[in-house]
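Comments concern the structure below.
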Amino acid sequence: MSDLGPCPLCGRPMMEGSSVNRHHLVPKSKDGVEAELCHVVCHRKVQSTLTEAELAGEWNTWARLKRHPEVSKFVKWIKKRHPEYMDVHRDTNVRKWKRGRR
């Protein structure tokens, strides 16, 4: 497996394989085009925390995402894990509420 460089969210090394995928900083549904590689677990956390509208608006850069309170706590935690660490993140109650599901 080859090294793909550091994850733009957590900074851990990325290795080719199932632990990496592409994240659109501006969602495709909001006319986003550019996608960058990041860890699947990091991508899932971002997607489970923020709505597409929030991602397209205020949280559309890696630097801004790192400043989000919930994402920031996650980054501190995930930095202690192996680069190929996989976990399942479910939608948070906050995101469900934002989408109108309770």
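The values are calculated or read from the model by the stated rules, or taken from the named source; none is laboratory data. Just so it is clear, the model here is predicted, and its values are computed rather than measured. Neighbour counts are summed over all protein chains in view; Cβ atoms, including those assigned to glycine, are modelled from backbone coordinates with ideal geometry.
Here Thr51 meets each of (1) farther than 17 Å from Cys7 by Cβ; (2) modelled with pLDDT under 90 with one exception, condition (2). Taking region 11-41 as the range and being in contact (Cβ under 8 Å) with a residue 40 or more places away in the chain and hydroxyl-bearing (Ser, Thr, Tyr) as the test, the residues that pass are Ser18, Ser19. Candidates in region 71-96 are the residues that are assigned to a helix (DSSP H, G or I) and surrounded by 14 or more Cβ atoms within 10 Å (Cβ to Cβ); of these, the one that is modelled with the lowest pLDDT is Arg95. Residues in region 42-57 that are in contact (Cβ under 8 Å) with a residue 40 or more places away in the chain and either touching a strand residue (DSSP E or B) at 6+ places or on another chain (Cβ under 7 Å) or buried (at least 22 other Cβ atoms within 10 Å of the Cβ) (or both): Lys45, Leu50.
Against the numbered list (1) surrounded by 14 or more Cβ atoms within 10 Å (Cβ to Cβ); (2) modelled with pLDDT of 90 or more, Gly5 comes up short only at (1).
Of the residues making up region 1-53, those that are out of contact with any Asp or Glu (no Cβ under 6 Å at 6 or more places or on another chain), small (Gly, Ala, Ser) and assigned to a loop (DSSP other than H, G, I, E, B) are Gly11, Gly17, Ser18, Gly32.
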